[in-house]
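For reference, the structure discussed in these notes is given below.
The values are calculated or read from the model by the stated rules, or taken from the named source; none is laboratory data. These numbers come from a predicted model, not from an experiment. No Cβ is skipped: glycine too gets one built from the backbone with ideal geometry, and neighbour counts run over all protein chains shown. Heavy atoms of the whole protein, side chains included, go into the accessibility calculation; ligands, DNA and RNA do not. Shrake-Rupley method; radii C 1.70, N 1.55, O 1.52, S 1.80 Å.
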Amino acid sequence: MKKYLITGFSGFVGRHFLDYLNGLNEPISVLGIDRDAVNFDLNQFGNLECAFKKADLLQSHEWEPLIALFQPDYIVHLASFSSVAFSWVNPIQSFANNTNVFLNLLETVRKVNPRCRILSIGSSEEYGACALDQLPLTEDAKLNPVSPYAVARVSQELLSTVYVDGFGCDIVMTRSFNHIGPGQLDTFVISSFARKLLAIQNGSADAVMLTGDTTIVRDFVDVRDVVRAYDLLLRQGRSGHIYNICSGTGVALKSVIDQMASILGISVVQKIDPQLVRPNDNKAIIGSLKKINDEIGWAPSIPLDTSLRDILNYWREKSIA
C-alpha cells in the first residue's frame with residue numbers, strides 16, 4: 001500500500017488531490033497535515049485510508065513524530081501562503097512561512113525517512129518579468145522573481161536542489177502555472193471574477209465591474225489536471241528535476257471576464273481600480289509543457305470553458321446553500 005503525506009491538506013488543491021487518488025481504486029493510505037481544521041468529510045473518499053492531524057508546521061518538533069510514525073512513500077508539499085497579493089501586504093510572514101515550513105520538512109525527512117520522495121510545489125511567478133520573445137517559458141529560462149511570494153518560491157527550489165545534491169534526498173520540483181477550478185477561494189482572481197459576475201447576473205451588484213489590470217496574460221490550467229500531473233511526477237518524475245505544469249496557452253484576464261459573462265448571458269463594463277493593481281505585475285506568463293509531456297506523457301485535458309463553467313456553478317450552488 002502506497003502512503004501519501006499531504007501538507008496543506010485542508011486547502012483547494014489538497015481536496016482535489018484526494019478526489020484524484022480516490023478515483024484510482026488503488027490501495028492508498030493518506031495522512032493529511034494542516035494548521036486549519038478540515039472542512040470536508042473524509043468518509044467521502046471511500047477508496048482511501050485517510051487520516052488528518054492538525055499541526056503547526058513552523059514548529060520543527062511537530063514534524064518528526066508525524067513522519068517517523070507514518071513513514072510515507074510520498075510527500076506532497078502544498079502548505080504555503082500561495083497568494084501573490086498577500087505577500088505584498090505581509091511580505092515577512094509570507095516569506096518566513098513558505099521557506100521555514102519547507103526547511104523543517106526537509107530536515108525531518110533527512111533524519112527519519114530519507115527514502116521517501118518529496119514533491120516540492122513551485123510557481124510560474126518564479127520566472128517574473130520576461131520579454132515576449134522568451135515565451136513560452138521552458139524550465140531553463142532565467143528566473144526573475146518580482147514579488148515576495150516569488151522570491152520565497154525560488155528559495156524553496158534552491159533548498160530542494162541543495163538537499164538533493166548535498167544530502168541525497170529524493171525531490172521532484174514543479175513550477176505550477178495559474179491553476180483554477182471549483183472550490184478555489186475568491187481571493188484568487190478567476191474565482192473572484194466569477195462571484196462578481198454572478199452578483200451582477202442576479203441583480204445584487206452594479207454592472208460596472210472593478211478590476212485590476214485585465215490586460216495581463218496568464219497560462220491557466222484546471223486544478224484537476226494539476227493534481228494528475230503531481231501524482232504522475234511522484235511516480236515517474238526524475239529526482240532533482242523541475243517541471244512546468246501549464247497549458248501552453250496564454251489568455252488575457254479581460255478575455256476570461258468576457259467569456260464568463262457570455263456564459264451567464266450578461267453584459268458588464270470593466271473599470272480599473274488602482275487599489276487592485278499589483279506592483280510590478282508580470283505582463284505575460286505562458287509556459288512550455290514539452291518536458292513534462294515528453295517525459296511522463298502529461299498534458300491538460302480540461303478546456304478553459306469547462307473550468308469556467310464549473311467555477312460559476314460552484315459559486316452559484318454555494319450562494320443557494
Rounded tilt (10° steps) of 148-167 against the dominant C-alpha axis of the chain: 20
Over region 192-321, with the other protein chains present, what is the accessible area per residue in square angstrom, probe 1.4 angstrom? 46
Over region 109-256, what is the relative contact order in whole percent, taking alpha-carbon pairs under 8 Å and six or more residues apart? 30
Surface/4 of the Cα convex hull for region 76-202, nm²: 9.7
How much of the accessible area of the chain, probe 1.4 Å, is carbon plus sulfur, in whole percent? 52
His16, His77, His241, His61, reordered so the largest accessible area comes first (probe 1.4 Å): His61, His241, His16, His77
Skip the ligands, DNA and RNA, and give the accessible area per residue of region 110-151 with a 1.4 Å probe, whole Å². 46
State the Cα centre-to-centre distance between region 58-116 and region 228-307 in whole Å. 25
Please check: in the Gaussian network model of the chain (C-alpha springs, under 10 Å), which one of Pro274, Pro91, Pro136 has the largest mean-square fluctuation. Pro274
Mind checking the angle between helix 12-22 and the chain's longest principal axis? C-alpha axes, 0 to 90 degrees, to the nearest 10. 60
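I'd like the Kirkwood hydrodynamic radius of region 1-129, using the inverse of the mean 1/r over distinct C-alpha pairs, in Å.
Details: mean 1/r = 0.0652 Å⁻¹.
Every distinct Cα pair counted, the radius reaches 15.3 Å.
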What FRET efficiency do you get for Asn39 and Ala131 if R0 is 41 Å and r is their Cβ-Cβ distance, rounded to the nearest 0.05? 0.45
Centre separation in Å (Cα based) which lies between region 1-34 and region 146-184: 19
Rounded to the nearest 500, the 222 nm mean residue ellipticity computed for the chain from DSSP H runs (n ≥ 4, each -39500 (n - 2.57)) alone is -13000 deg cm²/dmol
What does the accessible area of Asp73 come to, in Å² to the nearest 10, when a probe of 1.4 Å is used? 60
Surface/4 of the Cα convex hull for region 181-277, nm²: 7.7
Angle, helix 189-201 long axis vs. longest principal axis of the chain, Cα atoms, 0 to 90°, nearest 10? 40
In Å, the Kirkwood hydrodynamic radius of the chain over pairs of distinct alpha carbons? 20.3
Give me, ordered by chain and number, the residues 5 or more places off Ser176 or on other chains with an amide H under 5 Å from its own placed amide H. Gly122, Ser123, Ser124, Ile245
